[in-house]
Amino acid sequence: MKTEKISAVVDTMNKCCICGNPHVQIHHIFYGTANRIHSDRYNLIVPLCLAHHTGTNGVHNNKELDTFLKRKGQRAFEQQYGHEKFMAIFGKNYL
Ligand SMILES: [Zn+2]
Ligand SMILES: [Zn+2]
């Protein structure tokens, strides 16, 4: 049985959400010990190629890209669950 990962933020997990490269890794939009679990639970994940994930300009080394994705993640979450729940779980407003 194939369990396809679902993202609350993008339509497909099969290509990098920045450049379309099909060789992807899963990035948890809100990372760190607790937030990673919350990201998994609410599908706040995006596919990123190696360069856009851990590369020099990748999300883990590029504050602008990190903030861009966190904003997308927060918006997607709040559309479903609202702002108060976002703040209660993630504790920080990125918008
Ligand atoms: Zn990419
Ligand atoms: Zn990551």
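Each label point is 7 Å from the Cα along the Cα-to-Cβ direction; what then is the distance between the points at Ile89 and His23, in nm?
In this crude spin-label approximation the distance works out to 3.3 nm.
Any chance you could count the Lys pairs in the chain whose alpha carbons are under 22 Å apart, treating pairs 8 or more apart or on different chains as valid?
13
First compute the accessible area of the chain with a 1.4 Å probe, then give the percent of it belonging to carbon and sulfur atoms.
That fraction is 49 percent.
Please label the shape of the range 25-89 as rounded, prolate or oblate, based on the square roots a ≥ b ≥ c of the eigenvalues of the alpha-carbon gyration tensor (a/c under 1.5 means rounded; beyond that, a/b larger than b/c means prolate, else oblate).
It comes out prolate by the Cα gyration axes.
Leaving out ligands and nucleic acids, note down the accessible area per residue over the chain with a 1.4 angstrom probe, in whole Å².
With the other protein chains kept in place, the chain gives 63 Å² per residue.
Ranking request for peptides 57-70, 39-52: highest mean number of other beta-carbon atoms within 10 Å first, then the rest in descending order.
Sorting 57-70, 39-52 by mean packing, highest first, produces 39-52, 57-70.
How far is it, in nm, from the label point at His60 to the one at Tyr31 when both lie 7 Å from their Cα along the line to the Cβ?
0.4 nm
Magnitude of the Cβ-charge dipole of the chain, K/R +1 and D/E -1, about the Cα centre, nearest 20 debye?
The dipole magnitude comes to about 60 debye.
The values are calculated or read from the model by the stated rules, or taken from the named source; none is laboratory data. As the structure is a computational prediction, the values presented were derived from the model and not from experiment. Glycine also receives a Cβ, built like all others from the backbone with ideal geometry; neighbour counts cover every protein chain displayed. Just the protein is used for accessible areas: all its heavy atoms, side chains included, with ligands, DNA and RNA removed. Shrake-Rupley method; radii C 1.70, N 1.55, O 1.52, S 1.80 Å.
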